[in-house]
1. Restricting attention to the range 166-201, and to residues there that are of a type in the set (S, T, Y) and more than 18 Å from D216 (Cβ to Cβ), which single residue is surrounded by the fewest Cβ atoms within 10 Å (Cβ to Cβ)?
2. Collect the residues in the range 74-91 that are in a helix (DSSP H, G or I) and in contact with a helix residue (DSSP H, G or I) (Cβ under 7 Å, 6 or more places away or on another chain), keeping them in residue-number order.
3. Within the range 165-175, is there a residue that is touching a residue at least 12 places away in the same chain (Cβ under 8 Å) and at positive phi?
4. So which pairs qualify, if the first residue must be in the range 209-233 and more than 16 Å from A176 (Cβ to Cβ), the second must be modelled with pLDDT under 95 and exposed (fewer than 15 other Cβ atoms within 10 Å of the Cβ), the Cβ gap must be under 9 Å, and the two must be at least 6 apart or on different chains?
5. Suppose we filter L31, L108 for residues that are in contact with a strand residue (DSSP E or B) (Cβ under 6 Å, 6 or more places away or on another chain) and buried (at least 19 other Cβ atoms within 10 Å of the Cβ); which single one remains?
6. Looking at the range 111-121 only, could you name the residues that are touching a helix residue (DSSP H, G or I) at 6+ places or on another chain (Cβ under 8 Å) and surrounded by fewer than 22 Cβ atoms within 10 Å (Cβ to Cβ)?
7. Listed residues G62, G66; which is open to solvent by 10 Å² or more (accessible area, probe 1.4 Å) and either modelled with pLDDT of 95 or more or in contact with a Pro (Cβ under 7 Å, 6 or more places away or on another chain) (or both)?
8. Quick one: which strands (runs of 3 or more DSSP E) sit completely within the range 93-192 and have at least 2 residues that are aliphatic (A, V, I, L, M), within 16 Å of the chain's Cα centre (by Cα) and within 22 Å of N207 (Cα to Cα)?
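The values are calculated or read from the model by the stated rules, or taken from the named source; none is laboratory data. Predicted model only: the values in this text are computed from it and were never measured. Reconstructed Cβ throughout: ideal geometry from the backbone, glycine too, with neighbour counts over all protein chains shown. Heads up: the accessible areas ignore ligands, DNA and RNA and are worked out on the full protein's heavy atoms, side chains in. Shrake-Rupley method; radii C 1.70, N 1.55, O 1.52, S 1.80 Å.
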Amino acid sequence: MTDNKHVSTIVFDVNETLLDITTLEPLFHRLFGDAGVLREWFAELILYSQAVTLSQCYTPFGGLAGGVLRMVGDNKKEVVQDDDIAELMSLIGSMPAYPDVKPALTILRDAGFKLVTLTNSAPSPSPTPLEKAGISMLFDTHFSVAEVEEFKPHPATYKMVADSLGIDASNMCMVACHLWDTIGAQSFGCQGAFIARPHNSVLIAPNVPMPDFVSDDLSELAEQIVSANRTII
């Protein structure tokens, strides 16, 4: 576990942590007859985002998402049309926030924390996905990995946030439902807070850092963070 005594800034992942990707399921059911293919597509999307980062051939997340959808279609002998890609992009840009998001953000703001987002998605014009979800105004600022052209969990993504805010990594806590994101942030020196959304669990393995905070409810996770840092805010 990292030091629980110096956090001033909470950094939130966006896709699936704050916004509910299950709203994409009807598209996958229409294309493949199985809404569960969403999980296969998303896992491949993350795999290839990390592959292009390691290989230094960055491409924006949206283009990668569309390409991976075509790849999954090829694997299943289903043709993915341009209109299907356009529908995917539209749905990704309109995902709702989970019900526990606003209460959790309010708890953290009321406790005096600065709240920011860090997403693999590229910046988008207004209305942004977070504006459409009605939660953008609860954050102090928003960051995209497009600024450094590396996907999370590359250290450069967390460093970008720390440098932009003029703080140390130890001043940040990364909140995510993907353990690879908290692992990356903790390896950089941040705290890690894991929200156990459906199909996402903690990994227990040698030398893999456990998150500092874990819950299946974002408000309860926020309370843990507040309690651990109460004396220094």
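1. From the range 166-201, those of a type in the set (S, T, Y) are 170, 182, 187, 201; that's our starting set.
Now narrow it down to the ones that are more than 18 Å from D216 (Cβ to Cβ): 170, 187.
Values: S170: 17, S187: 15.
Selected residue: S187.
2. If we filter the range 74-91 for residues that are in a helix (DSSP H, G or I), which is where we start, we get 74-75, 82-91.
Matches in the range 74-91: D84, I85, E87, L88, M89, L91.
3. Of the range 165-175, the ones touching a residue at least 12 places away in the same chain (Cβ under 8 Å) are 165, 167-175.
From the residues that got through so far, the ones that are at positive phi too are none.
Among the residues of the range 165-175, not one is touching a residue at least 12 places away in the same chain (Cβ under 8 Å) and at positive phi, which makes the answer no.
4. That search, which allows pairs on different chains as well, returns V226/I233; A228/K5; N229/K5; T231/K5; I232/K5.
5. Values: L31 fails: in contact with a strand residue (DSSP E or B) (Cβ under 6 Å, 6 or more places away or on another chain).
It is L108.
6. In the first step, residues of the range 111-121 are kept if they are touching a helix residue (DSSP H, G or I) at 6+ places or on another chain (Cβ under 8 Å); the result is 111, 113-121.
Matches in the range 111-121: A111, F113, K114, L115, V116, S121.
7. Working: G66 fails: open to solvent by 10 Å² or more (accessible area, probe 1.4 Å).
Selected residue: G62, the only one of G62, G66 that is open to solvent by 10 Å² or more (accessible area, probe 1.4 Å) and either modelled with pLDDT of 95 or more or in contact with a Pro (Cβ under 7 Å, 6 or more places away or on another chain) (or both).
8. Numbers: elements: 114-119, 141-144, 172-176.
The qualifying strands (runs of 3 or more DSSP E) are 172-176.
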